[in-house]
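Visitor: The following block contains the structure, expressed as structure tokens.
The values are calculated or read from the model by the stated rules, or taken from the named source; none is laboratory data. None of these values were measured; they are calculated from a predicted model. All Cβ positions, glycine included, derive from the backbone under ideal geometry; neighbour counts span all protein chains shown.
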Amino acid sequence: MSFTVAIVGRPNVGKSTLFNRLVGKKLALVDDTPGVTRDRRPGDAKLVDLKFRIIDTAGLEQSAPDSLQGRMWAQTEQAIDEADLSLFVIDAKAGLTPADETLAEMLRRRGKPVIVVANKSEARGSDGGFYDAFTLGLGEPCPISAEHGQGMIDLRDAIVAALGEDRVFPPAEDVAETDVDIRPTGAGEDEEAEPAYDETKPLRVAIVGRPNAGKSTLINRFLGEDRLLTGPEAGITRDSISVEWDWRGRTIKMFDTAGMRRKAKVQEKLEKLSVADALRAIRFAETVVIVFDATIPFEKQDLQIVDLVLREGRAAVLAFNKWDLVENWQAVLADLREKTERLLPQARGIRAVPISGHTGYGLDRLMQAIIETDKVWNRRISTARLNRWLESQQVQHPPPAVSGRRLKLKYMTQVKARPPGFMISCTRPEAVPESYVRYLINGLRNDFDMPGVPIRVHFRAADNPYESKARKRR
């Protein structure tokens, strides 16, 4: 992107609505409640013919530096320092407030270009607030309606005038190759080829867990900076924020998500939106790290989150956080291993790593577990190997007879990866017992070294070439 723009202002003036308008998606949570946004959220914006990076920020609230509002404002200040231009959003309908004047004074001291954006200008009685904005001394305000998309052309012209055409229209560059995986996964590809794992492909990782498990602290430790808002309060994170960093030369895109409480406890609309945003992050990610509090692990909600991730087909890794608070390491670790095997039979062999987001203990092992799990999640097995394996499995444990007729498993192939999915051609697929399906899945895990990832096995009836002729004779 050619330049960076930060959206700043007091709470509930429409900053996140403007952010969503410019990125063309509903990425940021929007609600009538003031102070919804807490972390700074980056995005790729497009405004007519302009393309730039935009940062949504928390609203200004005067508070002590060590309070939650004070830490939120520190994040906003970092976004202003990082940006080339600030869009100072005011509520034209409500008019100026002392908080607006305080923020205007701070922006003047920064010495960077500022555009005053008078939002909600479509409302009746907004003219007074628009003209009051001239008293801020930051130039002519730009009237818009972020909700209805009015005034976007004027905002585009104001950005060009503030930064100059040379900055907003950089020389054309060669288009970079896309990193989208376009490999076919159907039956038409070479079944015998087992493609090598691409060590350079960017990896999308979502961090999920109960509130106050230490998810944001963990990501900050990976980045080596206070990128995400943290603190002792539970439920600080609301939006799913993505950050990028390099680990041993590989690009990692991590998603911090809101804590997921039990469904019965989620009553407020805002928390429902946060949980829905976290679920979208899980579906978009490739590997999901479920963060457990090592001092109180395996709560019922922890198990439900793991089950949700596996049902979505994601590769899962367990991280037992706050390991620095554990005293008897060996005994606790042995207990966690036993509970993992007993309470998560659907993810047999899942990788679990003790870590401390506060001290950085175990983070390299966690990243290695993420990479190894992603390799398994992307694994493809040739049809020849699968059919030899299927024959040996039937010799060791033949399919049971159902209603006096024995099932016959004839042919097996892998139809997809991410997660691994297999198709078995057999007689009477609807009669295959669930116990035999589990037997085959456990055999695949053990014999092809696929621990901890969801495995899908589907059955279909074998094609009968004489079926159509029999119908004609009838």
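Visitor: Out of all the residues in the stretch 307-342, which are surrounded by 14 or more Cβ atoms within 10 Å (Cβ to Cβ), of a type outside the set (Phe, Trp, Tyr) and not in a helix (DSSP H, G or I)?
Guide: Of everything in the stretch 307-342, those that are surrounded by 14 or more Cβ atoms within 10 Å (Cβ to Cβ), of a type outside the set (Phe, Trp, Tyr) and not in a helix (DSSP H, G or I) turn out to be Glu312, Gly313, Arg314, Ala315, Ala316, Val317, Leu318, Ala319, Asn321, Lys322, Val326.
Visitor: Can you spot a residue in the stretch 436-450 that is in contact with a Leu (Cβ under 7 Å, 6 or more places away or on another chain), at pLDDT below 95, within 17 Å of Gln346 (Cα to Cα) and part of a loop (DSSP other than H, G, I, E, B)?
Guide: yes
Visitor: Can you tell me how many residues in the stretch 257-298 are of a type in the set (Lys, Arg) and modelled with pLDDT of 90 or more? Quick ask: steps written out before the conclusion?
Guide: Initially, the stretch 257-298 is screened for residues of a type in the set (Lys, Arg), giving 261-263, 265, 269, 272, 280, 283.
Now restrict to residues that are modelled with pLDDT of 90 or more: 280, 283.
Qualifying residue count for the region: 2.
Visitor: Could you please find all residues in the stretch 284-341 being on the phi < 0 side of the Ramachandran plot and in contact with a His (Cβ under 8 Å, 6 or more places away or on another chain)?
Guide: Listed by number, the list holds a single entry, Asp324.
Visitor: Any idea how many residues of the stretch 290-321 are in contact with a helix residue (DSSP H, G or I) (Cβ under 7 Å, 6 or more places away or on another chain), touching a residue at least 40 places away in the same chain (Cβ under 8 Å) and not aromatic (Phe, Trp, Tyr)?
Guide: 14
Visitor: Going by the structure shown, is Lys253 in a strand (DSSP E or B) and either outside the structural domain of Ser67 (by TED's automatic domain parsing) or buried (at least 23 other Cβ atoms within 10 Å of the Cβ) (or both)? If you could, list the steps in order and put the result at the bottom.
Guide: On the way: in a strand (DSSP E or B): yes; either outside the structural domain of Ser67 (by TED's automatic domain parsing) or buried (at least 23 other Cβ atoms within 10 Å of the Cβ) (or both): yes.
So Lys253 passes the test.
Visitor: In the stretch 351-382, what count of residues is obtained for those that are in contact with a helix residue (DSSP H, G or I) (Cβ under 7 Å, 6 or more places away or on another chain), more than 19 Å from Ile252 (Cα to Cα) and hydrophobic (A, V, I, L, M, F, W, C)?
Guide: 1
Visitor: Filter the stretch 86-103 for residues that are crowded, with 21+ Cβ neighbours inside 10 Å and among the aliphatic types (A, V, I, L, M) and give the result.
Guide: The answer is Leu87, Val89, Ile90, Ala92, Leu103.
Visitor: Let me ask something else about it. In the stretch 378-413, which residue that is β-branched (Val, Ile, Thr) and in contact (Cβ under 8 Å) with a residue 24 or more places away in the chain is farthest from Ile441 (Cα to Cα)?
Guide: Across the stretch 378-413, the extreme among qualifying residues is Val402.
Visitor: Could you list, ordered by first residue, the pairs with Cβ atoms under 6 Å in which the first is in the stretch 46-74 and assigned by TED's automatic domain parsing to the domain that holds Asp157 and acidic (Asp, Glu) and the second is modelled with pLDDT of 95 or more and not in a helix (DSSP H, G or I), at least 6 apart or interchain?
Guide: The qualifying pairs are Asp56/Ile7.
Visitor: Oh, and also: Looking at the stretch 110-147, which of its residues are assigned to a helix (DSSP H, G or I), modelled with pLDDT of 90 or more, surrounded by fewer than 16 Cβ atoms within 10 Å (Cβ to Cβ) and not β-branched (Val, Ile, Thr)?
Guide: Tyr131, Phe134
Visitor: I'd like to check something: does the stretch 18-28 contain any residue that is farther than 23 Å from Asp157 by Cβ and of a type outside the set (A, V, I, L, M, F, W, C)?
Guide: Yes, that holds for at least one residue.
Visitor: Between a residue in the stretch 97-113 that is more than 18 Å from Val13 (Cα to Cα) and any residue that is surrounded by fewer than 13 Cβ atoms within 10 Å (Cβ to Cβ), which pairs come within a Cβ distance under 8 Å, given they are 6 or more apart or on different chains?
Guide: Matching pairs, first to second residue: Arg108/Gly137; Arg110/Asp81.
Visitor: Tell me, yes or no, whether the stretch 11-24 has at least one residue that is part of a loop (DSSP other than H, G, I, E, B), of a type in the set (D, E, K, R) and either in contact (Cβ under 8 Å) with a residue 40 or more places away in the chain or out of contact with any Ser or Thr (no Cβ under 6 Å at 6 or more places or on another chain) (or both). First the steps, then the outcome.
Guide: First, pick out the residues of the stretch 11-24 that are part of a loop (DSSP other than H, G, I, E, B): 11-14, 24.
With the extra rule that they be of a type in the set (D, E, K, R), the set shrinks to none.
Checked the stretch 11-24: no residue is part of a loop (DSSP other than H, G, I, E, B), of a type in the set (D, E, K, R) and either in contact (Cβ under 8 Å) with a residue 40 or more places away in the chain or out of contact with any Ser or Thr (no Cβ under 6 Å at 6 or more places or on another chain) (or both).
Visitor: Now for a different question. Any residue at all in the stretch 337-346 that's closer than 29 Å to Trp245 by Cα and either touching a residue at least 12 places away in the same chain (Cβ under 8 Å) or not assigned by TED's automatic domain parsing to the domain that holds Ile241 (or both)? Please lay out each step first, then the result.
Guide: The initial filter retains those residues of the stretch 337-346 that are closer than 29 Å to Trp245 by Cα, namely none.
No, every residue in the stretch 337-346 fails to be closer than 29 Å to Trp245 by Cα and either touching a residue at least 12 places away in the same chain (Cβ under 8 Å) or not assigned by TED's automatic domain parsing to the domain that holds Ile241 (or both).
Visitor: Right, another one. Just checking, how many residues over the stretch 357-378 are crowded, with 20+ Cβ neighbours inside 10 Å and small (Gly, Ala, Ser)?
Guide: Final tally of qualifying residues: 2.
Visitor: For Gln304, only one of the following conditions fails: (1) in a helix (DSSP H, G or I); (2) crowded, with 17+ Cβ neighbours inside 10 Å. What is its number?
Guide: Here Gln304 meets the rest and fails (2).
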